[in-house]
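Asks: Right, I'll just put the structure down here and ask away after.
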Amino acid sequence: MGVSWVVNIPFDENKSSQQLLDGLNQRLTILGAVKSGMHYIDCDVYQSQVPHASQSCCYLMHNSEYPVTSFAILDSHTCLTSDNVIDLIMMKLRPLYENRKNLKLECKGSRFTLQDFVFKSTSVQLTSTNSILGILLEVEYLPSVTAGNCYALLKEMVEGILGKSVEIPNYLKIRSSELYSPNDTMQQYLEHFNLLKKSHLSQVTSQQQS
Amino acid sequence: MHLSDNLAKLAQLIDFGEKKEEDSSKKEDLINKDKAIEAKQPKIWPWEWLRNALASSLTEMDVLSDCLAIAKEKRLMVLDKIGNDFSESKSAYQLVTRRQAMQNASVIFSLGAEKIKGIHKETVDSSQKQSEFYSELWALRQQWRIKRVGQHIIGDLSYKSAGSAFWHKGTFEVFKKVSIQPSGGAIDVRLPPELEGSAYIQVSIHMTSPEDSISKLNAMLTVPQRLPTLVNSSNRWQTKLDAAQNVIYCKELFSQLCREAFKLNSSVSHMVANNQVIIHLFPGFKMHIMFVHSNTEDKAADAVPPVSDPILQLALHQLLRAQHYNSLHRDLPHPITSSIGPTKRRRLAGPNATSRSELLSYENPFQESVLEKIIDMGRNVVLRLMVTETIEHLALTISDPLLHIHTDGLSDALNSSLRVTITSPSYDLIKSWFIIRICKGKVTAIGKSGIEISLSHESQRLEDYIMWQVSQYQIKAVYRLSTTLGCNVLSYTYNSASYQAEVFGTSPSILVSSSDGSSALAVRANTVSGLEVLVSEKAQGDFLTDSLITDKKWALLRQSFRQVDMDKMTGRNFTHKMELLLSVYSGKVKP
């Protein structure tokens, strides 16, 4: 278990998203990383049915890296790490939480290993429309357990891959001295998902208006 | 004759019965008279005659009571018994009649007794039969699980209660024998047809070298046809059920082996054909596991080969048994609400967000399949045989340093080791040793320095290794001797590359000079071509006369080496010969 940093790769106007992803993978292989399987994350959205509730959404996420675990995250970043049985419990809670199937996100991609680093390059898409929202790269440094100890290392690695300077996300900065846990990775993914979803929706609405 | 006797005699003559009749006739007369009076006279009282009769009897009673009262005082009157003289005359007749009556009674009695006897016998017989059935059923219940289903008694042969998950139900039916046989017992069992007969599993290891395909190695495994029984063997059902249970066990074992043979990934795939699993142990070695099931007992007796390997015989039994045991006995503690099976670490894997690589490492290393274990055991059998044969062969051929072999007592089917000590007779302090370990289908040799060398299943490799160790020992012996005898060791190399190369291994060598440095001795132990001992002595003649040589040290220059013919030297063995030679060099003994 190590520290992960999830970076959003911005779209290039000249390239399609698939080309961007292929380019990223190629760059990783040139670095010397070896492909070691697939990576898959899905995110179900459950809308609270209680009116005026402060926590309006519950995100239920699964990560192929943790095959027997489900992460249920609320808007307030409260995370419940549990067995996969929670999927069935959420079905029972239908009167309280409704599954918003059209908002379900998933990201698929490849996993690469390079010594102590693990890279996961994935494309994010809405399951209902199959349109690609963005490309995410997760860089994981395995030997470290706190984010603060390996900022520089991660930053150097990410900048090396992307070829430009990047800022460390606030989420990691706040938790620089805490023990890093898998749910921190999921929180980062969720943040990116929400941002991508928002920009996609705004795009769709602007297209509809025009 | 007394007066009283006379009176008694007279009294005997009185027939009271006659008098009674007279009385009754008188009474009748009286009644008739009364009736006549009644007829003559007008009726005064309808029960007059009864009153009269009662009055007369009352009078008689009065008289009698008076008589008795007088007789009580025994003054005026005495009651006396009447003599039996009269009865004596009738005794013979009475005896006859009495006898006859007794006889009749006895006949009736005996008839009745016989009747009762018969009835009793019948009831006892049936109850005895019933009780025999129950006692035998009780004995059966002590050995087997049986239960009553409707009108039938069904037993269970399977190992399900012991943790087996085999599909076969393994039920049998118990019923009462109809025909009574003296030694047959009251119970018989009916088995399903597929469990009848006897079965065994045979494991044999074949060597299939290209030259001859004859199997040299043959380890036969037979699961015993019948487990030893503690109960009386006269119970036919016991032997029958034991055999059937053995069949079910062998079936389960074989089906498990077949399944695992399909699953197991190996470089050379294992073959499953009909009732045989063929496993490749090493190139040229195959293991055949055969399931033999014969329905008739005669056939089974013919087919059973007498050879059996007790280790493998135990092994297959124990492996499946251990698997049964493991399926029942889980690691404790586990919460009541959780399902039985996963370990604590696996249960906590979800909430702890365990990664995939960690989950893979949770796989129990002890949950190796039965087939993998038996393959390892088979390999060990082959390797053990190879090692022992090679060492025996070498111990016989190499006579100079002695090879002492000590096999480890703490060995099992998967691990065994032996220690070989190399010594010379009467030079026990100079010794060298190495350990040969056979573990999980691999042979490793561990030398004195602790370096492990893995060897293959071919005997040549082991032979080479031992030969190399022997040559090392010989040079070491020379080194030890020269240090104790006071010679100077100039060089000592384990692996000298100064001479022509051997076919295998490296030749150790040693160079020793005498204590004054005038002469030198070189020994080389070649692994193949044997020992070479070379000597060089101080050059003859006076060097200092030459004007070119100014320093005295040049006088110590030695001549070129000459080889010593060790065969012609005196001495018991090489070490002894070297001791003699070195003692000359050390200057302690004059040549």
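The values are calculated or read from the model by the stated rules, or taken from the named source; none is laboratory data. Values in this document were obtained by computation on a predicted structure and should not be read as measured data. We place every Cβ from the backbone using ideal geometry, glycine too, and count neighbours over all the protein chains shown. These area figures cover heavy atoms from the full protein model, side chains too; ligands, DNA and RNA do not enter into them. Shrake-Rupley method; radii C 1.70, N 1.55, O 1.52, S 1.80 Å.
Asks: Can you name the residue in segment B:394-408 that is surrounded by 13 or more Cβ atoms within 10 Å (Cβ to Cβ) and farther than 15 Å from residue B:419 by Cα and is also farthest from the chain's Cα centre (by Cα) among such residues?
Replies: Per the stated criteria, the residue is B:400.
Asks: Against the conditions (1) more than 29 Å from residue B:350 (Cα to Cα); (2) within 14 Å of another protein chain (Cβ to nearest Cβ); (3) not small (Gly, Ala, Ser), where does residue A:183 fall short? Just the number, please.
Replies: Against the list (1) more than 29 Å from residue B:350 (Cα to Cα); (2) within 14 Å of another protein chain (Cβ to nearest Cβ); (3) not small (Gly, Ala, Ser), residue A:183 comes up short only on (1).
Here is a yes/no grid of residues against (1) aromatic (Phe, Trp, Tyr); (2) more than 25 Å from residue B:572 (Cβ to Cβ):
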{"site": "B:433", "(1), (2)": "yes, no"}
{"site": "B:445", "(1), (2)": "no, yes"}
{"site": "B:457", "(1), (2)": "no, yes"}
{"site": "B:461", "(1), (2)": "no, yes"}
{"site": "B:464", "(1), (2)": "no, yes"}
{"site": "B:485", "(1), (2)": "no, no"}
{"site": "B:504", "(1), (2)": "yes, yes"}
{"site": "B:516", "(1), (2)": "no, yes"}
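Asks: Can you name every residue in segment A:88-122 that is aromatic (Phe, Trp, Tyr) and either open to solvent by 80 Å² or more (accessible area, probe 1.4 Å) or in contact with a Cys (Cβ under 6 Å, 6 or more places away or on another chain) (or both)?
Replies: If we filter segment A:88-122 for residues that are aromatic (Phe, Trp, Tyr), which is where we start, we get A:97, A:112, A:117, A:119.
Of everything in segment A:88-122, just one residue is aromatic (Phe, Trp, Tyr) and either open to solvent by 80 Å² or more (accessible area, probe 1.4 Å) or in contact with a Cys (Cβ under 6 Å, 6 or more places away or on another chain) (or both), namely A:97.
Asks: Inspect all residues belonging to segment B:77-93 and state whether any of them is of a type in the set (Asp, Glu) and in a loop (DSSP other than H, G, I, E, B). Step through it out loud before you land on a result.
Replies: As a first pass, look at segment B:77-93 and keep what is of a type in the set (Asp, Glu): B:80, B:85, B:88.
After this cut, where a residue has to be in a loop (DSSP other than H, G, I, E, B) as well, the list is B:80.
Checked against the condition, which is being of a type in the set (Asp, Glu) and in a loop (DSSP other than H, G, I, E, B), segment B:77-93 yields at least one hit.
Asks: Does segment A:78-92 hold any residues that are closer than 20 Å to residue A:186 by Cβ and either among the basic types (Lys, Arg) or away from chain B (no Cβ under 14 Å) (or both), and which are they?
Replies: A:78, A:90
Asks: A further question on this structure: Identify the single condition in (1) open to solvent by 20 Å² or more (accessible area, probe 1.4 Å); (2) within 14 Å of chain B (Cβ to nearest Cβ); (3) hydroxyl-bearing (Ser, Thr, Tyr) that residue A:16 does not satisfy, given that it satisfies every other one.
Replies: Condition not satisfied by residue A:16: (2).
Asks: Can you tell me which of (1) in contact with a strand residue (DSSP E or B) (Cβ under 9 Å, 6 or more places away or on another chain); (2) small (Gly, Ala, Ser); (3) at pLDDT below 80 is the one residue B:547 doesn't meet?
Replies: Residue B:547 satisfies every listed condition except (1).
Asks: How do the pairs read when you match residues in segment B:388-402 that are part of a helix (DSSP H, G or I) with residues anywhere that are surrounded by 14 or more Cβ atoms within 10 Å (Cβ to Cβ), using Cβ under 6 Å and keeping only pairs 6 or more apart or on different chains?
Replies: B:390/B:459; B:390/B:462; B:390/B:463; B:391/B:405; B:394/B:466; B:395/B:403
Asks: Which members of segment A:146-180 meet the condition of being assigned to a loop (DSSP other than H, G, I, E, B) and in contact (Cβ under 8 Å) with a residue 40 or more places away in the chain?
Replies: Across segment A:146-180, the qualifying residues are A:166, A:168, A:169, A:180.
Asks: Can you find even one residue in segment B:136-147 that is open to solvent by 100 Å² or more (accessible area, probe 1.4 Å) and modelled with pLDDT under 85? Reasoning before the result, please.
Replies: Here is the first cut: in segment B:136-147, the ones open to solvent by 100 Å² or more (accessible area, probe 1.4 Å) are B:138, B:141-142, B:145, B:147.
Applying the additional criterion that residues be modelled with pLDDT under 85 yields none.
No, segment B:136-147 contains no residue that is open to solvent by 100 Å² or more (accessible area, probe 1.4 Å) and modelled with pLDDT under 85.
Asks: Can you name the number of the only condition in (1) free of Cβ contacts under 8 Å to residues at least 40 places away in the same chain; (2) part of a helix (DSSP H, G or I); (3) hydroxyl-bearing (Ser, Thr, Tyr) that residue B:473 fails?
Replies: (1)
Asks: Can I ask one more? If we keep just the residues of segment B:571-590 that are open to solvent by 40 Å² or more (accessible area, probe 1.4 Å) and either touching a Leu at 6+ places or on another chain (Cβ under 7 Å) or of a type in the set (D, E, K, R) (or both), which is modelled with the lowest pLDDT?
Replies: Top of the filtered list is B:590.
Asks: Give me the pairs: first residue in segment B:327-351 and within 14 Å of another protein chain (Cβ to nearest Cβ) and within 16 Å of residue A:82 (Cβ to Cβ), second residue aliphatic (A, V, I, L, M) and outside any loop (DSSP other than H, G, I, E, B), beta-carbon distance under 7 Å, and six or more apart or on different chains, which are they?
Replies: B:349/A:68; B:349/B:359; B:350/A:68
Asks: Out of segment A:58-77, which residues are more than 12 Å from chain B (Cβ to nearest Cβ) and either open to solvent by less than 30 Å² (accessible area, probe 1.4 Å) or not in a loop (DSSP other than H, G, I, E, B) (or both)? Give the steps one after another, and end with the answer.
Replies: First pass over segment A:58-77, keeping only residues more than 12 Å from chain B (Cβ to nearest Cβ): A:58-60, A:73-77.
Selection gives A:58, A:59, A:60, A:73, A:74.
Asks: In addition: What tally of residues in segment A:31-49 results from selecting those that are farther than 20 Å from residue A:82 by Cα, among the aliphatic types (A, V, I, L, M), more than 14 Å from chain B (Cβ to nearest Cβ) and surrounded by 12 or more Cβ atoms within 10 Å (Cβ to Cβ)?
Replies: 2
Asks: Given the conditions (1) away from chain B (no Cβ under 14 Å); (2) at positive phi, report the number of the one that residue A:25 does not fulfil.
Replies: Here residue A:25 clears every test but (2).
Asks: A further question on this structure: Check segment B:416-423 and report whether any residue there is out of contact with any helix residue (DSSP H, G or I) (no Cβ under 6 Å at 6 or more places or on another chain), under 22 Å from residue B:459 (Cα atoms), open to solvent by 40 Å² or more (accessible area, probe 1.4 Å) and of a type outside the set (Val, Ile, Thr).
Replies: Yes; the residues of segment B:416-423 include at least one that is out of contact with any helix residue (DSSP H, G or I) (no Cβ under 6 Å at 6 or more places or on another chain), under 22 Å from residue B:459 (Cα atoms), open to solvent by 40 Å² or more (accessible area, probe 1.4 Å) and of a type outside the set (Val, Ile, Thr).
Asks: Tally time: how many residues in segment A:179-191 are over 20 Å from residue A:107 (Cα atoms) and surrounded by 13 or more Cβ atoms within 10 Å (Cβ to Cβ)? Spell out how you get there, then give the answer.
Replies: Quick first cut of segment A:179-191, residues over 20 Å from residue A:107 (Cα atoms) only: A:179-181.
Those left that are additionally surrounded by 13 or more Cβ atoms within 10 Å (Cβ to Cβ): A:180-181.
So the answer is 2.
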